[in-house]
Structure formats: structure tokens, C-alpha cells
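The values are calculated or read from the model by the stated rules, or taken from the named source; none is laboratory data. On a predicted model such as this, the values are computed, not experimentally measured, just so you know. Cβ coordinates were reconstructed from backbone atoms using ideal geometry, including for glycine residues, and neighbour counts include every protein chain displayed. Note: accessible area is taken over every heavy atom of the protein model, side chains too, but ligands, DNA and RNA are not part of it. Shrake-Rupley method; radii C 1.70, N 1.55, O 1.52, S 1.80 Å.
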Amino acid sequence: MTKHPNGIPAHGGHLINRIATPAERQEFMEKAESLPKIQLDKRALSDLEMIAIGGFSPLNGFMEADDYESVVTDMRLKNGLPWSIPVTLSVSEEVADSIKEGSWVRLDSPEGEFAGVLELTQKFRYNKAHEATNVYRTDEIQHPGVKVVYDAGPINLAGPVWLLKRHPHPLFPKYQIDPAESRKLFLDKGWNTVVGFQTRNPIHRAHEYIQKCALETVDGLFLHPLVGATKSDDIPADVRMRCYEIMLEKYFPQDRVMMAINPSAMRYAGPREAIFHALVRKNYGCTHFIVGRDHAGVGDYYGTYDAQYIFDEFEPGELDIVPMKFEHAFYCTRTKGMATSKTSPSTKEERIHLSGTKVREMLRRGELPPPEFSRPEVAAELADAMKVSQAN
């Protein structure tokens, strides 16, 4: 790991900024009614935002065919830079036929608001089964990531994008810290080493344990919960954020942790998404990234530690962010504390660990998860949220 006294460089060397200037925005607004229009879904809108703020650096738009094919096949952009997830804008044949390469395209939000502009450099057909089996390691439609691929249109639109304006997040404006700002804050705090943590689930004791283990060896912890599109049965983002606020207030050192939202959508691509999540956190300024059990997994599609093994497929220094690999943590009844198989002498019967699925089942029955799994305040928050959900 190279030392970077002025902060780790963004992936590809510099941080992308595709937010329109006031002059550009005015120019786009004047053209708004004359441009062909595409309505983005939630995932495409979050991809547009992530490209614009530099979270997906070095991408400055939706991928052209040669980058797309190289990423799907080899986990690299056409120039050889590691990149593991295709970022594309898929449309129907009718929509694709209605616009010409070389034209400007208006991108609207799911609510119909003018959100951005695409300079259409290329339209191309893609092989959905090829993308599914390479990126998700399955072509089963039951996989939520594969379903998105198969439900999407057959033609990808490619080219540079501009986000019209960066709006405050409707739910979490104070946690909307974009990469340029997080990098500055890390430097202001004197953090030379920062470990990022990705989650789409509420924080529990195993999360807390591995976060604090990582914090023993770096200057700061960057908690970065994902608040883009997730599965319908995942815990809502507002509930997860409240749980983190409780934990930060009561159980973490205030001066060594920073929390911000990650506007990305989940792909559920397991190992490939672990690489993707690490590179995104590198763009936010992290030097290290926590990779735990079944990172970004779903169902039984991936091996328990496949998301850790995939980092070994890259040469040292290629990713330029250090994966911190953790075993599955549990509460050890023999030692009366959190541990992993690397540190605990316990037998299987002396280990308490619950899956997110089991916890949801307990909450639906009105039961609180045990303190060995979840801090009491967090358990109470989850229980209250479940009551509201069931009442609705």
C-alpha cells in the first residue's frame, strides 16, 4: 500500500465531476423541451448521481460496448484498469430506434423531473445471459441482480453524462457527503488511513466487532450505509440509519468515526460487488475496506468467503485499497465476548450468531433479538419499526 499524505488518488488517477455548472445547466434547460426524453428507474438515477459526483471514477458516463464487454468478461475496463460491475443504461428497441448516435438525450427521474443529460455516443445490443453468468455467477431469474438484467431493455445507450443539479437527499441531507467533501474531511481530521464499511443491513454486534477491530489499526472508520435501491424485504434505509445513529452516540469514539450515505443501488453480485464497493470507497478517500462474510451476497449463490478470495485475482497495488478480511463473528459464551474462529476456543454449541433472516422472523413475532446479537437500543428500534411496518 502506497502512502498518500495528501489523500489516496481516486481510481484512475483523478476524481470525476459531471455536475453541470450554472452556465451548462442554463443551456440544458433551454433545450429541455426539444430533447428526446428517457425516464430513469431508481437504479439508473443513482448510477447517474454516482458518476456525476465521482463515486464511480473513472467513469464519466454509461459504458460503451468495448468497456462493457471487457468488464463483463475480464473485470477490467478496456484500458486494463480493474472494474468489476457494468454500469449501463438499458432501453427498449423502440426507445433506442427513436434517438440517433451523436444526439443529446434528456434523462428524467422516476418522478418525471429533468435530472440529467446524456451525450449519446453509442447504442449497442448486449447478451443478457453472458452478463448474468459472468457478473452474478448464475442466470437464474430468482437472483435479484439477474432479474434486473433480464427485465431491462435489450439495447444499451452509452456516452458521457451530466447531472443537472445536486439536490439534498430528502431523508438524510446531513449525511450526504460526496467524495470531494469526504476526502477533504479525512485530511482535515488528519486521517492518513481510513477504513470503509459497506452495509445494507442494520448494525449488529458482529458488525460492531469487526469495525472496532479494524479501527485498532487505522486512523478513522468511514461508515457508509447504502441507501439506493435494495430488495423489498431488506430493512428500510431510514431504520438502518437510526440504528447507526444510536450506535455512534453510545458505543463508538466520536472523533474516530464518520458516517455518510452511499447513494448506490445494490446489485447483489457477491464477489464482484465486493471489488466494486472497495473501488467506490477508494473514490471517497478510503485506504482500507472491510470485507466480511458473504459480502453483497444473496441466498446461497456465493461461497461464504468468495468475496475475499476475489481480491487475490488482482496484483498487489492494482486496486490500491487494502481489503481487511474478517471471519464470521459471533458471541462466544465461553469467553463472554465477541470473537471469530481465529480467536475463540469455543465449540459450535458455545457460539451465538443469528442471520438477518432469523432476526426479521423474531421481530415479526414481537421478540427482541438477544443482547449477544444486538445492542438493546438497536433491538428496540428494530422492533418499533417492525410494529409500524406490520400496522401499515
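Taking 7 Å steps out from each Cα toward its Cβ at residue 377 and residue 390 produces label points 2.5 nm apart.
Putting +1 on Lys and Arg Cβ atoms and -1 on Asp and Glu Cβ atoms, find which of 319, 376, 194 reaches farthest to the positive end of the dipole of the chain. With unit charges placed on the Cβ atoms, the residue in question is 376.
Rolled with a 1.4 Å probe across the full set of protein chains, the surface gives residue 182 an accessible area near 0 Å². Surface composition of the chain: carbon and sulfur atoms hold 49% of the protein heavy-atom accessible area at a 1.4 Å probe.
Taking 17 Å as the straight-line reach from the Cα of residue 37, the aspartates and glutamates in range (excluding those fewer than 8 positions away in the same chain) are 27, 93, 94, 97, 101, 108, 111, 113, 119. The H on the amide N of residue 76, modeled in the peptide plane, is under 5 Å from the matching H of 71, 83, each at least 5 residues off or on a different chain.
Of the cross-linked pairs 212/325; 42/387; 165/231; 282/325; 42/165; 189/325, those separated by over 19 Å at the C-alpha level are 42/387; 165/231; 189/325. Within 13 Å, Cβ to Cβ, of residue 312, how many net charges do the neighbouring residues add up to if Lys/Arg are +1 and Asp/Glu are -1? Once all neighbours under 13 Å are counted, the net charge is -3. With Rh defined as the Kirkwood radius, the inverse of the mean 1/r over Cα pairs, the Rg/Rh of the chain is 0.97. In this structure the amide hydrogen of residue 322, modeled in the peptide plane, comes within under 5 Å of the amide hydrogens of 288, 289, none closer than 5 places in sequence on its chain.
What you get for region 206-327, charging only the Cβ of Lys and Arg (+1) and of Asp and Glu (-1), is a dipole of about 320 debye around the Cα centre.
Expressed as a whole percent, the proportion of Cα-Cα pairs in region 300-392 lying more than 19 Å apart is 59%. Spatial offset of region 24-75 relative to region 330-392 amounts to 40 Å, using the alpha carbon center of each. From its DSSP helices (H runs of at least four residues, each -39,500 (n - 2.57)), the chain gives a residue-normalised ellipticity at 222 nm of -9500 deg cm²/dmol. Extension gain for the segment residue 30 to residue 219, taken as residue separation times 0.36 nm less the Cα-Cα distance, is 63.3 nm to one decimal. Accessible surface area normalised per residue over the chain is 45 Å², counting heavy atoms of protein chains with a 1.4 Å rolling probe.
Rolling a 1.4 Å probe across all protein chains gives residue 239 an accessible area of roughly 10 Å². Annotation: amide H of residue 198 within the under-5 Å range of 290, sequence separation 5 or more or interchain, hydrogens built in the peptide plane.
For the chain, the residue among 156, 116, 278 whose Cα projects farthest onto the positive side of the dipole built from Cβ charges is 278. The charge dipole of the chain, taken about its Cα centre with unit charges on the Cβ atoms of Lys, Arg (+1), Asp and Glu (-1) only, comes to about 1080 debye. So if we plug the beta-carbon distance of residue 312 and residue 128 into 1/(1 + (r/R0)^6) with R0 = 30 Å, what FRET efficiency do we get, rounded to 0.05? For R0 = 30 Å, the calculated efficiency reads 0.55. Ranked from largest, the principal axis spans of the Cα set of region 172-274 equal 39, 30, 29 Å. Here the Karplus relation 6.51 cos²θ - 1.76 cosθ + 1.60, evaluated at θ = phi - 60°, turns the backbone of region 268-285 into coupling constants of 6, 8, x, x, 5, 6, 4, 4, 4, 5, 5, 5, 4, 5, 4, 5, 7, x Hz, with x for every Gly and Pro.
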